[in-house]
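Structure first, commentary second.
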Amino acid sequence: QVQLVESGGGLVQAGGSLRLSCVASGTIFGNNIMGWYRQAPGKERELVATISVKGTIHYGDSVKGRFSISRDNLRNTVALQMNSLTPEDTAVYFCDYHWLTVDYWGQGTQVTVAS
């Protein structure tokens, strides 16, 4: 089992920045992928960004150039730096730990961007 605890969400004005963090604990296996997904009301959950243990990164199209993902393998943490936020970024952001065919999810943290 893997437990994920997110922090850093909140309310920000359009054009502002927020930083999300996620700490993983429990049975952590190597070769995992950690990342962030988000879900806005009435919409499906979508990819924000993922990063592998080796540092391979994927971004969702809507956040490229504005968001940056990083991780600390020793501390089992992943962070998401979000810049130039727009109201369309408003959603619940979920931390994800992926290993083989299994996904573990955090409880989610709300990000609200006011116009």
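The values are calculated or read from the model by the stated rules, or taken from the named source; none is laboratory data. The model shown is predicted, which means the values in this text are computed figures rather than measured ones. Cβ: placed from backbone, ideal geometry, glycine included. Neighbour counts: every protein chain shown. These accessible areas exclude ligands, DNA and RNA; they are computed on the full protein's heavy atoms, side chains included. Shrake-Rupley method; radii C 1.70, N 1.55, O 1.52, S 1.80 Å.
Checked against the criterion of being open to solvent by 20 Å² or more (accessible area, probe 1.4 Å), among the β-branched types (Val, Ile, Thr) and touching a Cys at 6+ places or on another chain (Cβ under 7 Å), the range 101-112 contains not a single residue that satisfies it. Filtering Ser70, Ser62 for residues that are among the polar types (S, T, N, Q) and more than 13 Å from Asp89 (Cα to Cα) leaves a single hit, Ser70.
Taking the numbered list (1) touching a Ser or Thr at 6+ places or on another chain (Cβ under 7 Å); (2) assigned to a strand (DSSP E or B) in turn, Leu85 passes all entries but (2). The lone criterion from (1) in contact with a strand residue (DSSP E or B) (Cβ under 6 Å, 6 or more places away or on another chain); (2) under 16 Å from Phe94 (Cβ atoms); (3) modelled with pLDDT under 95 left unmet by Pro41 is number (1).
Ser70 passes every criterion in (1) at negative phi; (2) in contact (Cβ under 8 Å) with a residue 40 or more places away in the chain apart from (2).
Being more than 14 Å from Leu80 (Cβ to Cβ) and in a strand (DSSP E or B) is the filter here, so list the residues in the range 98-109 that pass it. His98, Trp99, Val102, Asp103, Tyr104, Trp105, listed by residue number.
Selection of the range 84-100 for residues being under 16 Å from Val111 (Cα atoms) and open to solvent by 60 Å² or more (accessible area, probe 1.4 Å) yields Ser84, Glu88.
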